[in-house]
Amino acid sequence: MSVSEGVVQVAESAFDSRRHETTLDRAGLAIATGGIIGGAFASGLAAMGATAGPLGLASAFFLGSLLCALAITAVATPVWIFMHLSGRRRAGHAAMVGAATGFIVFVFAQTYGFGLFDAPPSDIQTLLFRWASAAATSVLLAAVAAVIGIIMWFVAYRSVE
């Protein structure tokens, strides 16, 4: 056992006597599961938002699944790799990563890339309302992302004594 493995084991044992490990195939299955849950959420929103027919709901599910899986892969996976390597592998950590990355992605999407991209001209009140609205809706969507993170954790990880 190397020194870094010993440090990780000591850090893990301070909070939990079990170690959590995964494999590449379970990680891929977890990303697919997260994408499917995201697609189900998107089709649920489409069903509540309009009188979408079966084709509209199927499209919402397919596009929601695809975009959610891509977002998980591009944004959350690098953060989770860091968390995994540093020994933070529990369900609470997965919820935290899901909520934080979900919040950041949704605020970014609603505020023209945190104001980095061209936005229509607006006064300060409109700008403040846009940011407040983005933060409020992103908190709700971050809660959904946290639940997705926990479910993905249950798919990906197994406890090792």
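Points to keep in mind about this one:
- Averaging 1/r across all pairs of distinct Cα atoms in region 31-70 and inverting the result yields a Kirkwood radius of 9.5 Å.
- With all protein chains modelled, accessible area of Trp80 [1.4 Å, Å²]: 50
- Computed from point charges on the beta carbon alone (+1 for Lys and Arg, -1 for Asp and Glu), the dipole magnitude for the chain about its Cα centre is near 200 Debye.
- Estimated D of the chain in µm² per second, where Rh is the Kirkwood radius over Cα pairs and Stokes-Einstein applies at 4 °C, 1.567 mPa s: 74
- Mean residue ellipticity, 222 nm, helices only, the chain: the sum of -39500 (n - 2.57) across DSSP H runs of n ≥ 4, divided by residue count and rounded to 500, is -25000 deg cm²/dmol.
- In this structure, the amide hydrogen of His20, modeled 1.01 Å from its nitrogen in the peptide plane, lies closer than 5 angstrom to those of Val160, counting only residues at least 5 positions away or on a different chain.
- Carbon/sulfur fraction of accessible area - the chain, other protein chains in place, 1.4 Å, %: 75
- Region 105-159 - accessible surface per residue (Å², probe 1.4 Å): 64
- Taken over region 80-160, the alpha-carbon convex hull comes to 93 cubic angstrom per residue.
- Reported to the nearest whole Å, the Cα centre-to-centre distance from region 134-161 to region 27-41 is 11.
The values are calculated or read from the model by the stated rules, or taken from the named source; none is laboratory data. Just so it is clear, the structure is predicted and the values come from calculations on it, not from any experiment. FYI the Cβ positions are ideal-geometry reconstructions off the backbone, even for glycines, and counts take in every protein chain you see. When the accessible area is computed, the model is the full protein with side chains, heavy atoms only, and any ligands, DNA or RNA have been set aside. Shrake-Rupley method; radii C 1.70, N 1.55, O 1.52, S 1.80 Å.
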